[in-house]
Amino acid sequence: MARIAGVNIPAQKRVEISLRYIYGIGPDRASAICNKVGIPTERRVNELTDDEIFRIREVIDADYKVEGDLRRDVAMNIKRLMDLGCYRGLRHRKGLPVHGQRTHTNARTRKGPARPIAGKKKVTK
């Protein structure tokens with residue numbers, strides 16, 4: 001099992017797929033890293049040499065912001081919006097959807113499980 005950017009990536013999967021386990025690396029970046037290092041995308045992680053793993057680490061460290069640094073930046077951006085008191089910041093603060101989605105129905109992921117309202121009766125026909 002190779003350790004890149006503080007993450008143990010799965011050894012049995014293809015390199016392109018395994019790199020996606022790192023926060024901040026998606027399909028496009030994974031294939032770009034493979035191309036830059038010169039590794040065929042169909043190679044498995046357990047078939048990589050130590051030199052290839054080292055080159056992957058070097059490319060990621062030099063060109064991309066991943067894991068802790070990226071998480072910190074995202075958290076700081078959200079905190080900045082909340083401190084400003086702008087609309088998006090208020091939505092973050094209240095735990096509601098930020099990008100204009102409806103909340104009358106749905107939005108359960110953001111709002112959490114439904115809580116019963118006292119005194120409200122179900123309408124039956």
ask   = What pairs come up if the first residue lies in region 1-29 and is among the hydroxyl-bearing types (Ser, Thr, Tyr), the second is not in a strand (DSSP E or B), and their beta carbons are under 7 Å apart, counting only those six or more places apart or on different chains?
value = 18/10; 18/45; 21/10; 23/66; 23/67; 23/70; 23/71
note = Scanning region 102-117 residue by residue, those open to solvent by 100 Å² or more (accessible area, probe 1.4 Å) and either aromatic (Phe, Trp, Tyr) or in a loop (DSSP other than H, G, I, E, B) (or both) turn out to be 102, 104, 106, 113, 115, 116, 117
Of all residues making up region 51-91, the number that are among the aliphatic types (A, V, I, L, M), over 12 Å from the mean Cα position of the chain (by Cα) and either at positive phi or not in a helix (DSSP H, G or I) (or both) = 0
remark   = Given (1) more than 30 Å from residue 21 (Cβ to Cβ); (2) among the hydroxyl-bearing types (Ser, Thr, Tyr); (3) surrounded by 13 or more Cβ atoms within 10 Å (Cβ to Cβ), residue 87 misses just (3)
inquiry  = Looking only at region 1-50, count every residue that is under 19 Å from residue 71 (Cα atoms), open to solvent by 20 Å² or more (accessible area, probe 1.4 Å), aliphatic (A, V, I, L, M) and assigned to a helix (DSSP H, G or I) and tell me the total.
reply    = 0
ask   = Out of region 3-46, which residues are more than 17 Å from residue 62 (Cα to Cα), hydrophobic (A, V, I, L, M, F, W, C) and touching a Lys or Arg at 6+ places or on another chain (Cβ under 9 Å)?
value = 9, 11, 15, 39, 45
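The values are calculated or read from the model by the stated rules, or taken from the named source; none is laboratory data. Not measured: the values here are computed from a predicted model. All Cβ positions, even for glycine, are placed from backbone atoms using ideal geometry, and neighbour counts span all protein chains on display. Ligands, DNA and RNA are excluded from the accessible area calculation, which covers all protein heavy atoms including side chains. Shrake-Rupley method; radii C 1.70, N 1.55, O 1.52, S 1.80 Å.
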